[in-house]
Every structure is written in C-alpha cells, then in structure tokens.
Amino acid sequence: MEDPQLTLPFPTMQMVGKGYKVFGIVTNIDYEAMNGEGLIHWLHERCGKSEEVHTVMKKMALNPSMEATRMQRIQFSIINIPGRIIKGSGSLILRISKGHPSYGVLIKAHK
C-alpha cells in the first residue's frame, strides 16, 4: 500500500525518492554584479534584518505597551484610518479626528 501524498502549503518536488521544498529568488540584481551563489549568501546575511528594523521602530515610535504588538496589526491600525485627504499648494494633508486611537501615534511619529 502506498503512502498518501501529503498536502503542504508550499511547492515541493520529488527527486531520486526524496522530497524537496522548492524555493525561488526573484531579484533585479544584475547577474554580472552577483552570481547565483553570491545572491543566496547575500539573502542569508539579510535574514532577520526586517524584524530588527520593526523592533527599533516599535521602541522609537510607539508606547511601551504596544511593543509586543504584531507589526501587521500596527500597519492596519495606521493604514486603515478614516479621514479626509486635502490637496493644496503642493502638499497633501490627512485630516483625522482627535478621538481616533492612532492620532497620538501619528503625532509622535511625525515629531
């Protein structure tokens, strides 16, 4: 009896009886500037840098009570703000109510 094929949330392939996870890298870096092996090493060196940036941003711009908050929640709380965009004299102004929960965060981040 054959083992049923597992359904995985990422692409896989079979080679010589072994299963492998398929991983692709898409970049606009010129091949002459960096070959494939160099690109993979560069990618591994960068690994985790965005998380470090998020941590620094949280410590600098947010209240200490929000440091444990996931970045996606913070993005949605700032991006999904109801307001009015006013365009005039070469500038854009976002008018929001002072009662909105993200008002204080935006004012602090602006300073």
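The values are calculated or read from the model by the stated rules, or taken from the named source; none is laboratory data. Computed from a predicted model, the values in this text were never measured in an experiment. Positions of Cβ are generated from backbone atoms using ideal geometry, with glycine treated the same way; all protein chains shown enter the neighbour counts.
Evaluate the following for residue 2: is it assigned to a loop (DSSP other than H, G, I, E, B) and either charged (D, E, K, R) or modelled with pLDDT of 80 or more (or both)? Taking the combined requirement at face value, the residue satisfies it. Residues in segment 67-103 that are small (Gly, Ala, Ser), within 24 Å of residue 52 (Cα to Cα) and surrounded by 10 or more Cβ atoms within 10 Å (Cβ to Cβ): 77, 102. Listed by first and then second residue, the pairs with beta-carbon distance under 9 Å, at least 6 apart or on different chains, first residue in segment 4-29 and closer than 16 Å to residue 40 by Cα, second at pLDDT below 80 and exposed (fewer than 10 other Cβ atoms within 10 Å of the Cβ), are 21/8; 21/10; 22/10; 23/10.
For segment 15-27, give me each residue that is part of a strand (DSSP E or B) and either in contact with a helix residue (DSSP H, G or I) (Cβ under 9 Å, 6 or more places away or on another chain) or modelled with pLDDT of 85 or more (or both). Across segment 15-27, the qualifying residues are 15, 18. Checking each residue in segment 10-63 for being of a type in the set (Val, Ile, Thr) and over 18 Å from the mean Cα position of the chain (by Cα) picks out 12, 16, 22, 29, 40.
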